[in-house]
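Quick one: structure below, then a few questions.
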Amino acid sequence: MHATHLLLEEPIRMASILEPSKPSFFPAMTKIVGTLGPKSRSVDVISSCLKAGMSVARFDFSWGDIDYHQETLENLKLAVKSTKKLCAVMLDTVGPELQAINKSECAISLEADAFVTLTPDQEKEASSELLPINFSGLSKVVKTGDTIFIGQYLFTGSETTSVWLEVTELKGDDVVCVIKNTATLSGSLFTLHISQIRIDLPTLSDADKDVITKWGVKNNIDFLSLSYTRHAEDVRQAREFLSKLGDLHQTQIFAKIENIEGLTHFDEILQEADGIILSRGNLGIDLPPEKVFLFQKAAVYKCNMAGKPAVVTRVVDSMTDNLRPTRAEATDVANAVLDGSDAILLGAETLRGLYPVETISIVGKICAEAEKVFNQDLYFKKTVKYVGEPMTHLESIASSAVRAAIKVKASVIIVFTSSGRAARLIAKYRPTMPVLSVVIPRLKTNQLRWSFTGAFEARQSLIVRGLFPMLADPRHPAESTNATNESVLKVALDHGKTAGVIKSHDRVVICQKVGDASVVKIIELEE
């Protein structure tokens with residue numbers, strides 16, 4: 001059977017597979033989001049995570065209080081200072097997440113074929129016969145024969161740490177279930193998921209709003225990960241809420257697609273959100289296993305064409321307890337990159353896993369190898385065709401910059417931007433070389449005080465594939481005379497040389513505004 005095109009560039013030399021991977025300043029073009037928690041919150045471990053390639057730190061509010069996460073964030077700031085590696089902050093909401101509560105934190109053993117009752121009475125003690133839950137309406141939404149999954153930090157699929165229940169009887173507010181597999185639940189909270197059932201709870205809960213108001217505002221969060229996004233209206237309501245909270249009107253909202261409802265309304269959600277997180281843990285329960293890859297490929301493609309970041313989760317679960325990923329997991333990471341993902345999100349692997357630094361490092365290495373064989377030529381043609389003609393002015397400049405950089409084999413693209421939009425558009429065309437985004441701060445005032453913008457824009461590119469930001473000196477405006485542009489360019493080139501991505505005689509493509517015109521130029525460096 002003759003394929004019209006191959007995903008990988010051919011031929012791949014078998015000998016090249018045996019060549020060791022070369023270390024570089026940018027571990028990979030694909031970004032890594034690490035969840036900080038018990039095993040990854042000290043300054044030393046966070047510093048090592050940043051050096052290994054983490055560029056976004058995720059704070060998961062399904063557990064831990066505001067003080068706990070604030071302490072972790074202060075450690076992150078110290079780590080950023082000492083490593084000189086930029087890192088963005090993502091707040092992950094709890095949303096309408098159902099949880100089983102185990103106040104005593106004693107391990108609970110559940111035996112196959114025995115019965116367990118789920119009760120909304122949270123005062124009761126959890127045991128192998130009774131599990132208190134945080135939702136009083138469970139008996140109203142389930143029926144006999146429905147499937148319920150319970151496990152810590154979503155479900156690993158491991159038969160020993162997560163349990164599969166089948167509803168057998170409804171007794172008032174209580175739900176009696178038969179246990180389908182023997183398992184031990186350990187910890188204080190377990191996520192509860194009912195397959196393909198709509199839970200009538202708000203996407204942004206009062207508890208979430210409280211955390212955003214108290215913790216998010218204080219720390220100028222870069223991203224809000226909106227758990228269980230089900231409709232475009234969820235994103236609009238979250239944006240409306242953020243717009244009233246100081247600088248948080250600049251915070252980007254990433255819609256987390258976790259169930260059938262979010263999947264059904266995917267196109268409208270994508271239009272409204274700044275990016276998408278494919279939460280494969282929950283989706284893998286709502287969807288038949290054989291359909292999960294189809295959703296990933298379709299969703300990532302749509303994100304790519306819209307020029308919005310796609311983040312894939314649950315890739316190396318086994319590294320929570322092991323130093324190496326399985327072969328299937330390593331292949332899965334590479335396929336996420338070949339599908340076009342912008343970032344890989346690590347959850348339990350870095351939150352409570354035994355090897356957070358090694359996990360980030362290995363995932364980065366796999367991403368870098370996959371990027372070498374990413375079929376950029378095919379991707380570029382597909383994107384240009386999708387955009388169609390006539391192109392907008394900015395789209396035309398962005399695609400031309402990438403085309404020129406590939407034709408002249410440039411080592412890097414440097415783009416001057418103030419909003420970050422031009423840089424993101426260039427990254428949308430997936431150039432094979434890094435894009436140095438020089439964010440030029442803008443002066444703004446609210447009649448009471450003057451301030452510079454730019455820090456948000458710089459940090460928010462840390463989740464976009466291939467985009468590496470640097471904040472320029474605010475004394476250099478984005479549109480200026482040749483002299484000041486030249487001095488900013490020199491700083492950017494020096495940064496590239498220090499990073500090891502630019503050397504003598506290299507060609508560099510520069511994209512900048514001069515007056516009202518946008519200019520793409522190619523320079524060749526001297527000694």
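Do we find a residue being at pLDDT 85 or above, out of contact with any strand residue (DSSP E or B) (no Cβ under 6 Å at 6 or more places or on another chain) and either open to solvent by 10 Å² or more (accessible area, probe 1.4 Å) or part of a loop (DSSP other than H, G, I, E, B) (or both) anywhere in the stretch 6-26?
Within the stretch 6-26, not a single residue is at pLDDT 85 or above, out of contact with any strand residue (DSSP E or B) (no Cβ under 6 Å at 6 or more places or on another chain) and either open to solvent by 10 Å² or more (accessible area, probe 1.4 Å) or part of a loop (DSSP other than H, G, I, E, B) (or both).
Considering only residues that are of a type in the set (D, E, K, R), within 15 Å of Q376 (Cβ to Cβ) and touching a residue at least 12 places away in the same chain (Cβ under 8 Å), which ones fall in the stretch 406-427?
The answer is K409, and nothing else.
May I ask you to list the residues in the stretch 33-52 that are part of a loop (DSSP other than H, G, I, E, B), more than 18 Å from S227 (Cβ to Cβ) and open to solvent by less than 20 Å² (accessible area, probe 1.4 Å)?
The answer is S40, and nothing else.
Right, here's the next one. Search the stretch 70-123 for residues being outside any strand (DSSP E or B), open to solvent by 30 Å² or more (accessible area, probe 1.4 Å) and hydroxyl-bearing (S, T, Y), and hand back the single one that is farthest from A343 (Cα to Cα).
Ranking the qualifying residues of the stretch 70-123, first place goes to S104.
Still on this structure, please answer the following. Which residues, counting only those in the stretch 259-284, are outside any helix (DSSP H, G or I) and aliphatic (A, V, I, L, M)?
A273, I276, I277, L278, listed by residue number.
With the structure loaded, tell me whether I360 is in contact with a Cys (Cβ under 7 Å, 6 or more places away or on another chain), open to solvent by less than 20 Å² (accessible area, probe 1.4 Å) and outside any loop (DSSP other than H, G, I, E, B) or whether it fails that test.
yes
Another question about this same structure. Here is a list: S136, S128. Which entry is within 22 Å of V167 (Cβ to Cβ), of a type in the set (S, T, N, Q) and either open to solvent by less than 10 Å² (accessible area, probe 1.4 Å) or touching a residue at least 24 places away in the same chain (Cβ under 8 Å) (or both)?
Only one candidate qualifies: S136.
State all residues of the stretch 513-527 that are modelled with pLDDT of 80 or more and under 31 Å from the mean Cα position of the chain (by Cα); if no residue qualifies, say none.
Of everything in the stretch 513-527, just one residue is modelled with pLDDT of 80 or more and under 31 Å from the mean Cα position of the chain (by Cα), namely V520.
Can you tell me which of K291, K308 is open to solvent by 30 Å² or more (accessible area, probe 1.4 Å) and under 16 Å from the mean Cα position of the chain (by Cα)?
So the residue among K291, K308 that is open to solvent by 30 Å² or more (accessible area, probe 1.4 Å) and under 16 Å from the mean Cα position of the chain (by Cα) is K308.
Could you count how many residues in the stretch 203-237 are assigned to a loop (DSSP other than H, G, I, E, B), within 16 Å of D274 (Cβ to Cβ) and not polar (S, T, N, Q)?
Total meeting the criteria: 3.
Go through the residues of the stretch 379-388 one by one and say whether even a single one is open to solvent by less than 50 Å² (accessible area, probe 1.4 Å), within 17 Å of I426 (Cα to Cα), modelled with pLDDT under 95 and not in a helix (DSSP H, G or I).
yes
Within the stretch 408-441, can you find the residues that are farther than 26 Å from H505 by Cβ, more than 20 Å from the chain's Cα centre (by Cα) and hydrophobic (A, V, I, L, M, F, W, C)?
A422, V439, I440
Then there's this: Is it the case that L110 is touching a Phe, Trp or Tyr at 6+ places or on another chain (Cβ under 9 Å) and touching a residue at least 12 places away in the same chain (Cβ under 8 Å)?
no
How many of the residues making up the stretch 285-318 are in contact with a Gly (Cβ under 6 Å, 6 or more places away or on another chain) and either assigned to a helix (DSSP H, G or I) or among the hydroxyl-bearing types (S, T, Y) (or both)?
3
Take the residues of the stretch 443-478 that are in a strand (DSSP E or B) and modelled with pLDDT under 65: which is most open to solvent (accessible area, probe 1.4 Å)?
Among them, the one singled out is W450.
Please list, ordered by first then second residue, the pairs with beta carbon atoms under 7 Å, 6 or more apart or interchain, first in the stretch 324-337 and over 13 Å from R314 (Cβ atoms), second surrounded by fewer than 18 Cβ atoms within 10 Å (Cβ to Cβ) and among the charged types (D, E, K, R).
So the pair list comes out as A334/E369.
The values are calculated or read from the model by the stated rules, or taken from the named source; none is laboratory data. Given the structure is predicted, the values throughout are model-derived calculations rather than measurements. Neighbour counts run over all protein chains shown; Cβ positions are idealised from the backbone, glycine included. When the accessible area is computed, the model is the full protein with side chains, heavy atoms only, and any ligands, DNA or RNA have been set aside. Shrake-Rupley method; radii C 1.70, N 1.55, O 1.52, S 1.80 Å.
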